[in-house]
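Heads up, the thing below is written out as structure tokens.
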Amino acid sequence: MFYLESFHVKTTKEEILDITRNVGEIVSKSGAKNGLAVVYTPHTTASVIINENEKGLVEDIRETLAKIVPRSAGYKHDRIDNNAHSHIKAVIVGNSRVIPLFDKKLALGTWEHIFLTDFDPPRTRTVNVLIFGEL
Amino acid sequence: MFYLESFHVKTTKEEILDITRNVGEIVSKSGAKNGLAVVYTPHTTASVIINENEKGLVEDIRETLAKIVPRSAGYKHDRIDNNAHSHIKAVIVGNSRVIPLFDKKLALGTWEHIFLTDFDPPRTRTVNVLIFGEL
Amino acid sequence: MFYLESFHVKTTKEEILDITRNVGEIVSKSGAKNGLAVVYTPHTTASVIINENEKGLVEDIRETLAKIVPRSAGYKHDRIDNNAHSHIKAVIVGNSRVIPLFDKKLALGTWEHIFLTDFDPPRTRTVNVLIFGEL
């Protein structure tokens with residue numbers, strides 16, 4: 001079986017939003033017992049990541065990515081749209097993650113949460129969740 | 001259903017080549033209505049990325065990756081084969097992307113294009129496209 | 001068909017362990033002819049990567065990631081648990097890879113090997129391998 005559902009999140013600043021519950025609800029609705037969830041954000045300045053939801057760590061992630069890909073480093077794309085750094089972060093981190101499903105649940109590890117990272121806020125972001133599996 | 005097809009691209013310099021059309025044609029041939037495409041390059045010095053096709057941005061991506069992983073930084077692998085930087089970029093960015101399919105099409109966002117990035121040109125690169133789905 | 005199996009590896013230092021054989025054995029047991037393998041580590045300070053197994057290169061990868069995300073850079077998370085750098089590397093590299101299967105084998109390129117990278121050793125790490133395919 002295939003099941004596809006989308007949801008939207010509003011961002012106000014460069015934030016890393018926990019979307020684990022949103023994805024989990026879609027897994028439940030799908031009825032899939034075992035399979036795979038693809039969590040995909042169809043934007044070029046946002047990413048999906050999996051890591052621990054600890055407030056300080058989430059800030060560390062954001063700040064370290066900002067050091068690795070600094071804002072306003074003479075990017076050519078900034079002549080058109082002042083957000084090259086946001087695009088480059090999204091390329092490095094990637095715009096999707098895949099997660100196995102076991103026994104009707106996301107098979108996340110103890111500390112794993114799923115996040116949407118918006119590198120170019122404020123925006124309304126779409127997250128597409130595609131479920132493959134056996135009922 | 002499963003459908004698998006490969007194509008090849010020739011690179012002349014360190015470039016980021018738009019392969020959206022090549023992947024889209026394989027999706028059409030597969031006949032899949034809903035499902036998933038895996039776009040996978042079986043090389044250790046190339047990657048698959050998804051982002052906007054704006055000429056300046058594509059150069060920014062290439063140049064920023066070259067700053068993050070500089071050429072000739074005393075790498076041990078360079079004693080064997082002078083391309084350690086190319087391998088490390090491929091590790092960071094990853095050698096595949098997954099894309100949902102809806103209604104017989106790649107479910108890409110408005111600005112999303114699929115690219116092959118060759119970090120060690122010139123070469124002929126293979127791209128494997130695996131389609132899963134329901135007809 | 002779906003097939004799921006896990007294995008565990010023990011790490012003693014910050015190492016990049018070749019798990020290609022472990023994954024290949026699970027592919028064989030699954031009986032899948034064509035399909036997809038998802039190799040997923042359910043930890044927040046470890047990653048799965050695909051690249052060449054050359055001893056010097058593996059050290060270059062580890063050392064370059066350590067330069068990009070330095071240890072002890074004043075991370076907030078280090079007040080709680082002294083491993084923010086490990087989490088951030090895992091976010092950048094990602095905790096899974098997908099690999100097509102052809103003719104009952106992992107469709108890896110000539111130089112491609114699958115590795116578990118532990119950024120916060122020593123630990124016992126789980127690797128979940130999910131196989132989708134047709135028999």
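The values are calculated or read from the model by the stated rules, or taken from the named source; none is laboratory data. Just so it is clear, the structure is predicted and the values come from calculations on it, not from any experiment. A quick note on method: Cβ atoms are made from the backbone with ideal geometry, for glycine too, and the neighbour counts reach across all protein chains shown.
Quick notes on this one:
- Single unsatisfied condition, residue C:96 versus (1) touching a residue at least 40 places away in the same chain (Cβ under 8 Å); (2) more than 9 Å from every other protein chain (Cβ to nearest Cβ): (2)
- Any pair with Cβ under 6 angstrom, 6 or more apart, that starts in segment B:6-22 at a residue that is of a type in the set (S, T, N, Q) and ends at one that is assigned to a strand (DSSP E or B): B:6/B:126; B:6/B:128; B:11/B:118; B:11/B:123; B:20/B:113; B:20/B:114; B:22/B:7
- Screening residue A:22 on (1) modelled with pLDDT of 95 or more; (2) over 15 Å from residue A:129 (Cβ atoms) shows it passes everything except condition (2).
- Test result for residue B:86, touching a Phe, Trp or Tyr at 6+ places or on another chain (Cβ under 9 Å), more than 7 Å from every other protein chain (Cβ to nearest Cβ) and either of a type outside the set (A, V, I, L, M) or without any contact (Cβ under 8 Å) to a residue 24 or more places away in the chain (or both): yes
- Selected residue (only one of A:8, A:43 is surrounded by 22 or more Cβ atoms within 10 Å (Cβ to Cβ), over 21 Å from residue A:64 (Cα atoms) and touching a Lys or Arg at 6+ places or on another chain (Cβ under 7 Å)): A:43
- Residue check, residue A:14 within 14 Å of chain B (Cβ to nearest Cβ) and charged (D, E, K, R): no
- Taking the criterion of being out of contact with any helix residue (DSSP H, G or I) (no Cβ under 7 Å at 6 or more places or on another chain) and surrounded by 22 or more Cβ atoms within 10 Å (Cβ to Cβ), the residues of segment A:61-88 that qualify are A:85, A:86.
- Filter pass, residue C:135 being within 11 Å of chain B (Cβ to nearest Cβ) and either within 12 Å of residue C:23 (Cα to Cα) or out of contact with any strand residue (DSSP E or B) (no Cβ under 7 Å at 6 or more places or on another chain) (or both): no
- Members of segment C:48-83 found to be at the interface with another protein chain (Cβ under 7 Å from one of its Cβ atoms), closer than 23 Å to residue C:17 by Cβ and more than 14 Å from the chain's Cα centre (by Cα), listed by number: C:54, C:56, C:57, C:59, C:60, C:64, C:68, C:69
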